[in-house]
Amino acid sequence: MNIIKDPIYALIIFTITNACYTNSQACTLYSREDLYNPITIDNSSVIGFKISSISIDQNEDIFPVIMVKRNCDTGSEAKIAELPYLGDPGKVGSAFLADSDFDGTPEIFVIHRTVLYSDTGVNYGSDYFTTLVYKSSGALNYKLSERISSYFGAGGDVLSSTASDTLTYEYPYKSEAAIRNRIASAPYKAWLENKSITTRILRKTFLYDNANVADRTSKYLISGDRVQVFSQNAGWLAVVFEDKENITRGWIQCKDTLECVNHP
């Protein structure tokens with residue numbers, strides 16, 4: 001066993017080690033710039049969220065939230081992504097690591113939320129949420145996973161009218177717990193593996209031309225009907241229903257099916 005006998009040499013080693021440890025520790029702390037607690041990636045890197053110093057419009061008055069990779073040893077930062085700007089920079093509702101494709105390497109999940117100030121024609125009863133999933137592409141770089149991001153999607157709770165508390169749609173992935181619950185479910189794994197999915201209707205549910213409450217049709221399915229699922233987005237299912245006479249296509253809400261009976 002080697003023993004360092006020179007006290008000056010030992011002091012130098014201690015100082016360097018302690019400085020690196022201090023820098024790494026400080027890197028994980030919440031700073032004035034941070035909009036959310038940094039996510040630790042390894043011993044020398046974290047993911048942070050802050051307001052961009054660069055405007056995205058020619059008037060230089062729109063500054064979105066950006067996600068950055070921060071080197072704890074050098075203090076340098078590299079921009080990874082820009083979060084949605086929907087009339088307001090919004091905020092990071094939640095950010096965490098989760099292995100959503102079961103390859104052993106966790107993805108970065110970001111739930112962005114904002115108030116919609118513009119008149120969209122939809123009666124929102126909550127903030128508007130967007131779930132973004134970033135997959136490691138090597139060397140601590142990340143790129144957006146289009147498929148998994150689309151699965152969790154975006155949306156907000158929708159009221160039947162401005163004078164009512166009745167929800168016509170509820171965005172199901174507002175929290176880390178809801179997303180982790182879904183990732184752990186058998187229906188999610190079947191979707192991830194591109195398996196053929198057939199589900200049963202639990203109650204009368206209307207068909208929509210698109211995954212949007214504003215696009216409801218007069219067609220509906222009833223309890224016991226079975227449909228084949230072709231796509232999923234933000235708690236909506238693109239389905240096909242076949243009987244002896246017709247083939248009916250459209251979007252329905254997952255909560256009205258066996259696909260989401262125990263999971264959002």
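Placing +1 on each Lys and Arg Cβ and -1 on each Asp and Glu Cβ, with no other charges, gives region 186-264 a dipole about its Cα centre of roughly 180 debye.
Roughly how many Å is it from the Cα centre of region 28-106 to that of region 169-214, as a whole number? Between the Cα centre of region 28-106 and that of region 169-214, the gap is 28 Å.
Please find, in a Gaussian network model of the chain (springs between Cα atoms separated by less than 10 Å), the residue of 236, 251, 191 whose mean-square fluctuation is greatest. Evaluated over the chain, the most mobile residue of the options is 191.
Calculate, in nm to one decimal, what residue 184 and residue 240 gain on full extension: separation in residues at 0.36 nm each, minus their alpha carbon distance.
Details: separation 56, 0.36 × 56 = 20.16 nm, distance 2.59 nm.
Between residue 184 and residue 240, full extension yields 17.6 nm more.
Near residue 80, the amide H atoms lying under 5 Å from its own belong to 67, 68, 69; only residues 5 or more places off or on other chains count, and H is placed 1.01 Å from N. Within the listed set 81, 186, 238, the residue fluctuating most in the Gaussian network model of the chain (springs between alpha-carbon atoms under 10 angstrom) is 186.
For the chain, modelled as a GNM whose springs connect Cα atoms under 10 angstrom apart, the maximal fluctuation among 102, 49, 152 occurs at 102. Coupling constants for region 37-54 follow from the phi torsions by the Karplus curve (6.51 cos²θ - 1.76 cosθ + 1.60, θ = phi - 60°), and in residue order they are 4, x, 9, 6, 9, 8, 5, 10, 9, 9, 9, x, 10, 8, 6, 5, 8, 10 Hz; glycine and proline get x. Under 5 Å between amide hydrogens, built in the peptide plane, is the criterion, and for residue 169 it picks out 158 among residues at least 5 positions away or on other chains. Each helix, a run of at least 4 DSSP H residues, gives -39500 (n - 2.57); summed and divided by the residues of the chain, these come to -5000 deg cm²/dmol at 222 nm.
Readers should treat all values here as calculations from the given coordinates under stated rules, not as data from a laboratory. Here the structure is a predicted model, which means the values were calculated and not measured. Positions of Cβ are generated from backbone atoms using ideal geometry, with glycine treated the same way; all protein chains shown enter the neighbour counts.
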